[in-house]
Amino acid sequence: MRTVKSVLDWLILGLWRAIPDEAVMQKSITALLALALWGGIPLALAQGELKLQEGAPDRHVVERGDTLWSISSKFLSDPWRWPEIWRMNQEQIRNPHLIYPGDVIVLDRSVSPPQLRLESAARGGTAIEGAGRDGGAKISPRAYIDSLGDGAIPAISPRKIEPFLTQPLIIEEGGLDNAPRVLATEEDRVNLGPRGIAYVSGVGRAESPLWQVYRPGRPLVDPESSRTLGIEAVFLGTARVTRAGEPATVQIMTSKMEISAGDRLIPAPPPTIPLYVPHAPATAIQGRIIGLYDALDSSVGGRDSIISINRGKRDGLELGHVLAVYRNVVVYDQQRYSSRDSAPTIQLPPERYGLIFVFRTFDAVSYALVMDSSRPIQPGDIVQTP
């Protein structure tokens with residue numbers, strides 16, 4: 001009895017032999033399709049034709065505040081396919097080129113599929129090579145970590161994710177127990193905001209003048225396995241040591257939430273924004289949304305929300321991955337039943353309604369920024385390779 005693989009091999013071979021020898025191009029396409037069926041071509045064929053945004057400009061002058069995502073949205077219907085229009089390989093995706101305000105990006109429509117090129121560079125630090133037909137040049141990839149203020153265009157807005165790049169986010173149970181602790185607040189205030197004064201035990205002779213303030217949050221429970229993947233640390237704000245000692249005096253510099261006695265402090269690392277390119281995973285990844293960060297009183301989010309998902313490094317997720325968001329849709333068959341309570345449910349195919357951008361990964365959990373959403377984001381919704 002033939003195996004499934006042998007039958008498919010036989011069918012493919014039969015199709016190949018049935019094509020006339022002069023149809024070389026058709027044979028090549030057949031071979032490519034066969035390789036795609038067997039996983040030989042993971043990305044390009046699966047995503048289909050690269051589509052330009054309606055009304056895509058012929059050129060764009062990079063401005064301060066631009067991001068790779070916002071620029072790609074001007075040219076592409078699917079912004080995560082940015083590497084394709086730049087003709088980037090996997091290594092270039094992980095170590096992207098630098099684009100600065102003042103650079104001119106040109107859309108070359110004379111090639112298929114279209115290609116973006118750098119016409120001119122605003123800074124001598126941008127490497128260019130290979131002049132194109134329009135006299136432009138292609139950006140040469142370069143490994144780089146962008147410290148805040150360098151000026152290179154980031155993948156997404158650092159203002160939205162900067163705090164989350166330096167926060168621990170995921171901690172083991174009891175992981176904050178030995179961190180410096182807020183003993184008391186100025187004039188015994190219950191909660192503190194910016195410019196408030198607190199007294200902290202455990203700072204000792206630590207040299208860091210700037211600290212981040214946390215409290216243990218909720219457990220991150222996998223919606224699929226019901227296993228606890230870690231404890232989420234809730235970022236409250238930043239504080240600066242104004243007087244060393246035991247206890248030390250600190251002033252609250254910024255606060256996202258009110259700070260009170262019992263909260264914990266961790267030295268603030270220097271802020272850096274890694275440059276990465278928005279791109280779809282090369283393999284099929286599917287997971288679930290665990291929850292919305294900081295959404296303690298709300299179970300839904302939307303664009304610019306920070307979400308956690310139950311997939312991480314061990315599952316192949318990496319910085320810059322873009323995933324689509326789907327929701328399982330259930331309807332009630334009420335045509336034959338008078339009451340909705342007694343009507344059976346009908347499971348419809350999942351509906352896609354958003355995109356997320358992965359900006360930080362842990363072993364079993366990742367954090368992503370919601371880039372686009374046509375309906376409220378909810379825990380339990382599906383995320384997968386677009």
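The values are calculated or read from the model by the stated rules, or taken from the named source; none is laboratory data. Predicted model only: the values in this text are computed from it and were never measured. Virtual Cβ from ideal backbone geometry, glycine too; neighbours counted across all protein chains shown.
Scan the stretch 146-184 residue by residue and report those that are among the polar types (S, T, N, Q) and at pLDDT 70 or above.
Within the stretch 146-184, S157, N178 meet the criteria.
Kindly indicate the residue of the stretch 85-109 that is within 22 Å of A282 (Cβ to Cβ) and in contact with a helix residue (DSSP H, G or I) (Cβ under 7 Å, 6 or more places away or on another chain) and also surrounded by the most Cβ atoms within 10 Å (Cβ to Cβ) among those meeting that condition.
I93
Quick grid of which residues meet (1) modelled with pLDDT of 90 or more; (2) out of contact with any helix residue (DSSP H, G or I) (no Cβ under 9 Å at 6 or more places or on another chain):
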position	(1), (2)
M257	no, yes
Q286	yes, yes
I290	yes, yes
D294	no, yes
N310	yes, yes
L317	yes, yes
H321	yes, no
V330	no, yes
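Consider the stretch 192-222. How many of its residues are among the acidic types (D, E) and within 16 Å of A268 (Cβ to Cβ)?
Step one: filter the stretch 192-222 for residues among the acidic types (D, E), giving 207, 222.
When the remaining residues are screened for being within 16 Å of A268 (Cβ to Cβ), the result is 207.
Residues that pass the stated criteria total 1.
Please indicate, with yes or no, whether at least one residue in the stretch 86-96 is at pLDDT 85 or above, polar (S, T, N, Q) and in contact with a Lys or Arg (Cβ under 7 Å, 6 or more places away or on another chain).
no
What number of residues in the stretch 372-386 are over 15 Å from P281 (Cβ atoms), of a type outside the set (G, A, S) and surrounded by fewer than 20 Cβ atoms within 10 Å (Cβ to Cβ)?
Of the residues in the stretch 372-386, 5 are over 15 Å from P281 (Cβ atoms), of a type outside the set (G, A, S) and surrounded by fewer than 20 Cβ atoms within 10 Å (Cβ to Cβ).
Go through the stretch 214-228 and give me each residue that's touching a Lys or Arg at 6+ places or on another chain (Cβ under 7 Å) and either of a type in the set (G, A, S) or without any contact (Cβ under 8 Å) to a residue 60 or more places away in the chain (or both).
Within the stretch 214-228, Y214, R215 qualify.
Condition check ((1) exposed (fewer than 15 other Cβ atoms within 10 Å of the Cβ); (2) of a type outside the set (S, T, Y)) across all residues:
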{"position": "S226", "(1), (2)": "yes, no"}
{"position": "I231", "(1), (2)": "no, yes"}
{"position": "L236", "(1), (2)": "no, yes"}
{"position": "A239", "(1), (2)": "no, yes"}
{"position": "E246", "(1), (2)": "yes, yes"}
{"position": "K256", "(1), (2)": "yes, yes"}
{"position": "L265", "(1), (2)": "no, yes"}
{"position": "P269", "(1), (2)": "yes, yes"}
{"position": "P278", "(1), (2)": "no, yes"}
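Can you say whether I290 is on the phi < 0 side of the Ramachandran plot and either assigned to a loop (DSSP other than H, G, I, E, B) or outside the structural domain of P379 (by TED's automatic domain parsing) (or both), as far as the supplied structure shows?
It is false that I290 is on the phi < 0 side of the Ramachandran plot and either assigned to a loop (DSSP other than H, G, I, E, B) or outside the structural domain of P379 (by TED's automatic domain parsing) (or both).
Table: residues versus (1) touching a Cys at 6+ places or on another chain (Cβ under 9 Å); (2) more than 21 Å from V250 (Cβ to Cβ); (3) in a helix (DSSP H, G or I).
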| residue | (1), (2), (3) |
| --- | --- |
| F164 | no, yes, yes |
| G174 | no, yes, no |
| A184 | no, no, no |
| R195 | no, no, no |
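Which residues, counting only those in the stretch 259-284, are modelled with pLDDT of 90 or more, within 24 Å of the chain's Cα centre (by Cα) and of a type in the set (A, V, I, L, M, F, W, C)?
Answer for the stretch 259-284, where residues must be modelled with pLDDT of 90 or more, within 24 Å of the chain's Cα centre (by Cα) and of a type in the set (A, V, I, L, M, F, W, C): A280, A284.
Hey, could you check the stretch 192-210 for residues that are at pLDDT below 85 and not charged (D, E, K, R) and say which is surrounded by the fewest Cβ atoms within 10 Å (Cβ to Cβ)?
G204
Between V250, V213, V300, which is β-branched (V, I, T), out of contact with any Asp or Glu (no Cβ under 8 Å at 6 or more places or on another chain) and modelled with pLDDT of 90 or more?
Of V250, V213, V300, the one residue that is β-branched (V, I, T), out of contact with any Asp or Glu (no Cβ under 8 Å at 6 or more places or on another chain) and modelled with pLDDT of 90 or more is V250.
I need the full set of residues from the stretch 223-250 which are assigned to a strand (DSSP E or B), of a type outside the set (V, I, T) and over 14 Å from R264 (Cα atoms), in order please.
Passing the criteria: L229, G230, R243.
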